[in-house]
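In what follows, a structure is listed as structure tokens, so that the remarks can point back to it.
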Amino acid sequence: MKSTFLRVFLVVLLSNTVVVSIGLGIVEFVQKHNQVSADLLGDIGVQLVAGYEKFGLAALKGEAEKAEKRLSGNIYLYQENGRPLLKPLPRNFRENDTSGTTAGSALSKGARADGRPAADFLHSQFIQVIGANNVQYLLIFRPNPEIDSLAPGLVIALSLLGLLVSSGVLAYWLLGPLLKLQRVARLFGQGDMSARVEDKLARRSDAVGKLAQEFNEMAVRIDTLLSSKERLMRDVSHELRTPLARMEVALTIAEDKFAVESQKSYLCRIRTELHELDELIGQVLTLSRLEAAALSKETVHLQEWLDEIVADVSFESQLKGISVTKSGTLPKTLLGDPLQLRHAIENVLRNACFYAGEGGIIEVATEEKGGSALIFVRDNGPGVPEEKLEKIFHAFYRSSEAREANSGGFGVGLTISKRIIHAHNGCIEAKNRPQGGLEVCFKVPLV
């Protein structure tokens, strides 16, 4: 953290130093550009005074105009008694002084009422010239205001430009690595266990680099733990099926050779429990395979494929008087694993049929929106309490109503549906319908 703070501090300090240096350099450049050397002004003053004393006022004005064009400024020349030989100083040069007749007054009034020099006074140059018979003259050179007016605007513009550039560099230097970390964390959170921060960022010696290193180490540990868990689930499930198969054989032998009439009901109950346990193991194996997202994707003709699923579920539910209908004609095709997607839809449909009960109405609707296929399964059952809507997709979770109804499920069907849809980079959501019942929405990208 100290290293990061020091780097940020040095970057800000360097940026401000550069901005201030540019500003001062521009000001100094403009001032030097407008400033005329004292020797040159002295020579011009001597020439003007000599011409005035020799040829008179008209010659002075002519020479002064030439010198002003040459120097890009205004020349004022005062005698020692304060009388201006050329045009007098402007009022704004002398601030509030209205007498404006003496050179001493011009100098004394060059300061403002608050004691600071006036702008014109500060930028002007004063040269004392000695004429014939030791007569003293005061030459004042004032640069053109048009040149001076460019300096503040230029300084401000360059200062703002420097601030923008330095701020951009600082923001990129500071936020760039964090944005990279954010991208990798998002990919990892979405299930890409191979997502890692690039080595160049992880090799940094500051806090950001250490954060990148720790993220990579964390990702490796999580990936290892998940792989171990999946492998354990698969191994245990496979191993459990072997003794189950032997128990099934032993049970069959017992029923055929040794069972008496009073024992047959108990043996039948044991067989039922064995079948349920075998089904649960099969669902656990399905979950472990879905963790690896082992999908075989192909183009699915969605409407025809969905018609078959609805027909199968309708056939199974006809004895309960449950009606299953389908609506919608879009989208036409979908890229996915037809077998796994069928499991996902059937799990939700059978769940809806169970809770809808006798005479229930199930509706399956399809839409195409924002580049995704939407498949809705709606029922008119009792719905689910709002606080439990998210939990119904958790593994082995069943609501209290399901437990009381002894549905025979294990709370894995909806979890399998969710894993299948997520493996297709989609999502599944459930919500209660205003008119009663539950609506489950499958959203799967079309590409």
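The values are calculated or read from the model by the stated rules, or taken from the named source; none is laboratory data. Because the structure is a prediction, the values reported are computed rather than measured. No Cβ is skipped: glycine too gets one built from the backbone with ideal geometry, and neighbour counts run over all protein chains shown. For accessibility, only protein heavy atoms count, side chains too; no ligands or nucleic acids. Shrake-Rupley method; radii C 1.70, N 1.55, O 1.52, S 1.80 Å.
Quick notes on this one:
- The fraction of accessible area contributed by carbon and sulfur in the stretch 176-229 is 58 percent, rounded to a whole number (1.4 Å probe; ligands and nucleic acids excluded).
- Gyration tensor verdict on the stretch 203-264 (Cα atoms; rounded if a/c is under 1.5, prolate if a/b is larger than b/c, oblate otherwise): prolate
- If you wrap the stretch 179-236 in the convex hull of its Cα atoms and look at it from every side, the mean projected area works out to 4.0 nm².
- For the stretch 341-374, the list of GluC sites (Glu not before Pro) that fall in a loop by DSSP and count at most 10 other C-beta atoms within 10 angstrom reads GLU358.
- Looking at the stretch 159-264, the GluC sites (Glu not before Pro) that sit in a DSSP loop and have at most 12 other Cβ atoms within 10 Å of their own Cβ are GLU198.
- Trypsin sites (Lys or Arg not before Pro) restricted to DSSP loop in the stretch 175-248 with at most 12 other C-beta within 10 Å: ARG203
- Checking the Cα-Cα distances for LYS229/LYS388; LYS332/LYS443; LYS332/LYS391; LYS326/LYS443 against a 24 Å cut-off, the pairs over it are LYS229/LYS388; LYS332/LYS391.
- In terms of accessible area, using a 1.4 Å probe and ignoring ligands and nucleic acids, CYS268, CYS427 rank largest first as CYS268, CYS427.
- Shape call, the stretch 274-384: gyration tensor on alpha carbons, a/c limit 1.5: oblate
- Order of exposure, largest accessible area first, which applies to SER265, SER417 with probe 1.4 Å: SER265, SER417
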